[in-house]
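The values are calculated or read from the model by the stated rules, or taken from the named source; none is laboratory data. For clarity, every value in this text was computed on a predicted model and none was experimentally measured. Don't worry about glycine lacking a Cβ; one is built from the backbone with ideal geometry, like all the others, and counts go over all protein chains shown. We work out accessible area using only protein heavy atoms, side chains counted, and drop any ligands, DNA or RNA first. Shrake-Rupley method; radii C 1.70, N 1.55, O 1.52, S 1.80 Å.
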Amino acid sequence: MDGVYVGKAGPDAAADRGWLLGHFKPDGDLRHSDEVEIKWGVHRKGERRAQWTSGEKRTALLVLISGRFRLMFPEGDVVLSEQGDYVVWGRGVDHSWRAEEESVVMTVRWPSIPGYAVPER
């Protein structure tokens, strides 16, 4: 079907560090967008972001699908523990995260801006 993409979040996300949609998908792919990024994050217990994000130029929404997930902000931490718990943070808000239990989260960020990838360990 033209103009329709059907996928599975797990396998599709595994192919691109969790990202399903954003500027990093090839031009012409329906999942290419300069306006928004969507990530399906599957995290082992104890997994954490390699470094804090600082100088953020995007707004983000993170929704807990399963598990227990901690987001750290300069002003304090937020723990998502029930399915559907979510947090939104704006431009300029530094952050990091840690999976307190095996967790699945969906992140939506906008706009989609190149240059924010954390180096792989």
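Normalised by the number of residues in the chain, the mean separation of alpha-carbon contacts (under 8 Å, six or more apart) gives a relative contact order of 31 percent.
Tally Lys/Arg at +1 and Asp/Glu at -1 over every other residue whose Cβ is under 14 Å from the Cβ of residue 26; what's the total?
-3
Go through the range 36-78 and name the trypsin sites (Lys or Arg not before Pro) that are in a DSSP coil and have 15 or fewer other Cβ atoms within 10 Å of their Cβ.
On the way: sites: 39, 44, 45, 48, 49, 57, 58, 68, 70; in loops: 44, 45, 49, 57, 58, 68.
Here the trypsin sites (Lys or Arg not before Pro) that fit, given the DSSP loop and packing criteria, are 44, 45, 49, 57.
Label-to-label distance for residue 57 and residue 85 is 3.2 nm, based on points extended 7 Å past Cα in the beta-carbon direction. Rolling a 1.4 angstrom probe over the chain with all protein chains present gives an accessible area of which 50% lies on carbon and sulfur atoms.
Average accessible surface for the chain: 60 Å² per residue, computed with a 1.4 Å probe over protein heavy atoms with every protein chain in place. For the options 52, 40, 110, a Gaussian network treatment of the chain with springs between C-alpha atoms closer than 10 Å singles out 52 as fluctuating the most.
Do the sum for the chain: with -39,500 (n - 2.57) for every DSSP H run of n ≥ 4, divided by all residues, what is the mean residue ellipticity at 222 nm, to the nearest 500 deg cm²/dmol? Mind showing how you got there, number by number?
On the way: 1 runs with 6 residues, N = 121.
The helix-only estimate for the chain comes to -1000 deg cm²/dmol at 222 nm.
State to the nearest 20 debye the size of the charge dipole of the chain about its Cα centre, where the only charges are +1 on K and R beta carbons and -1 on D and E beta carbons. Show your work: numbers first, answer last.
Details: 17 positive and 19 negative charges, 63 e Å.
Result for the chain is approximately 300 debye, rounded to the nearest 20.
For the chain, the orientation-averaged shadow of the C-alpha convex hull comes to 7.7 nm² (one quarter of the hull surface).
What share of the DSSP beta bridges in the chain is antiparallel, in percent to the nearest 5?
Among the beta bridges of the chain, antiparallel pairing accounts for roughly 95 percent.
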